[in-house]
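Undergrad: Below is one structure. I have some questions about it.
None of the figures in this text is laboratory data; all of them are computed from the coordinates on show. Since the structure is predicted, the reported quantities are computational estimates derived from the model, not experimental observations. With ideal geometry, Cβ positions are generated from the backbone for all residues, glycine too; neighbour counts draw on all protein chains shown.
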Number of protein chains: 2
Amino acid sequence: MFEPPVQRLIDELSRLPGIGAKSAQRLAFHLLNADEVDARRLSDAITDMRSSVHLCARCFNVTADVECSICSDPRRDTTLVCVVERVQDIPVIERTQEFRGRYHVLGGAISPIAGIGPEQLRMKELVGRVDDEGIEEVIAATNPTLEGDTTALYLARLLKPLGVKVSRLASGLPVGGDIDYADEITLGRALTGRQEL
Amino acid sequence: MFEPPVQRLIDELSRLPGIGAKSAQRLAFHLLNADEVDARRLSDAITDMRSSVHLCARCFNVTADVECSICSDPRRDTTLVCVVERVQDIPVIERTQEFRGRYHVLGGAISPIAGIGPEQLRMKELVGRVDDEGIEEVIAATNPTLEGDTTALYLARLLKPLGVKVSRLASGLPVGGDIDYADEITLGRALTGRQEL
């Protein structure tokens, strides 16, 4: 319906997650009407990111160097590793300023339905790091979902025999939340995990 | 928080309409994990569109030529022009296969609140076309909103003195809709515009 270059951009935009045909059309026309420099900046940002960024050789975080800024920071505790599902989970944990160890990005969680087993995740690389880096504790910071819980249990079974302490992020009530609005599973976990004052 | 090239892409994506900080982050990580060729294709589609597409010299539709495919189609009725607010309205009307004239893209609608008056729209260009092309009827296909209605009335006042018939798209019940769910303004217009059977 549209001129071929416009239609091609609409098609490419609608391949992005969460962008439907209508949004893709709106975005394409926004880019058509935007300043030439703005459109060019977006196009360049995509190309630049792809050419300059890759995965950290140690923890699989994104980095422009061989190792990411966290792995190469000498003040980080190398005996403590936080295992996350995805790269974008790292800045969320960093923002708490409560964690001073390193990370390990698994690349997902175990999900038999999606056909993702431990061999599709970076488990072997983690075991390799336990030996090489003298890791003493692993925090399983996978999502509090069925898949994340399964992955955390798998990590515990995999690493405990190697003498590594494996812990899991606490489940419970979100701070600032209301007990009235808590679902029964979360509230149940908050009860089980209650802390003496 | 992220590596500079990733953060730059997130920033550029969040400048797009309807894309918030969280969506921009999700899209950036999708592009980071996507195939190199897929990311490159999106980047190229943006650049290609900007370099190969511009506005039709006659009707301001988008085109890769001097005039768009509709204006240069000899089977089109040149005495009938459909005035739309935006380029993306043209394919919607084309899909009805009920219109065989040409178009004129105003570039918006009159909106005193947004500071858009007739001089910000392509009114002068439309008046020029009336003389040059022997236009006999103009269909105001602006949106059925306050701004679109105002623009349609302005078009009528502007063009009727030049001997041009000005009509407006009918307002009424959407086909397949339910009278129960119609708002009172739409239903009111459907009553006023009722057609004898």
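Undergrad: Taking the condition basic (Lys, Arg), over 18 Å from A:Glu137 (Cβ atoms) and not in a loop (DSSP other than H, G, I, E, B), does A:Arg95 pass?
TA: Answer is yes for this residue.
Undergrad: Follow-up. If we keep just the residues of the stretch A:146-178 that are assigned to a helix (DSSP H, G or I) and among the basic types (Lys, Arg), which is surrounded by the fewest Cβ atoms within 10 Å (Cβ to Cβ)? Talk me through it step by step, then tell me what you get.
TA: Of the stretch A:146-178, the ones assigned to a helix (DSSP H, G or I) are A:146-162.
After this cut, where a residue has to be among the basic types (Lys, Arg) as well, the list is A:157, A:160.
Values: A:Arg157: 10, A:Lys160: 12.
Top of the filtered list is A:Arg157.
Undergrad: Need the failing condition index for B:Glu12 against (1) surrounded by 17 or more Cβ atoms within 10 Å (Cβ to Cβ); (2) more than 15 Å from A:Leu13 (Cα to Cα), just the number.
TA: The single condition B:Glu12 does not satisfy is (2).
Undergrad: Would you pick out the residues in the stretch B:1-27 that are of a type outside the set (D, E, K, R), facing chain A (nearest Cβ under 7 Å) and more than 24 Å from the chain's Cα centre (by Cα)?
TA: Within the stretch B:1-27, B:Met1, B:Phe2, B:Pro5, B:Val6, B:Leu9, B:Ser23, B:Gln25, B:Leu27 qualify.
Undergrad: Pairs please, first residue from the stretch B:66-79 and of a type in the set (A, V, I, L, M, F, W, C), second anywhere and assigned to a loop (DSSP other than H, G, I, E, B), Cβ atoms under 6 Å, 6+ apart in sequence or on different chains.
TA: Note: pairs meeting the criteria are B:Val66/B:Ala57; B:Cys68/B:Cys56; B:Cys68/B:Asn61; B:Cys71/B:Cys56; B:Cys71/B:Arg58; B:Cys71/B:Cys59.
Undergrad: Take the residues in the stretch B:105-145 that are of a type in the set (Val, Ile, Thr) and assigned to a helix (DSSP H, G or I); name whichever of them is surrounded by the most Cβ atoms within 10 Å (Cβ to Cβ).
TA: Initial filter on the stretch B:105-145 (of a type in the set (Val, Ile, Thr)): B:105, B:110, B:113, B:116, B:127, B:130, B:135, B:138-139, B:142, B:145.
Subset that is assigned to a helix (DSSP H, G or I): B:127, B:130.
Working: B:Val127: 15, B:Val130: 18.
Within the stretch B:105-145, the match that is surrounded by the most Cβ atoms within 10 Å (Cβ to Cβ) is B:Val130.
Undergrad: Answer yes if at least one residue in the stretch A:54-72 is assigned to a helix (DSSP H, G or I) and either more than 10 Å from every other protein chain (Cβ to nearest Cβ) or not small (Gly, Ala, Ser) (or both), and no otherwise.
TA: No: zero hits.
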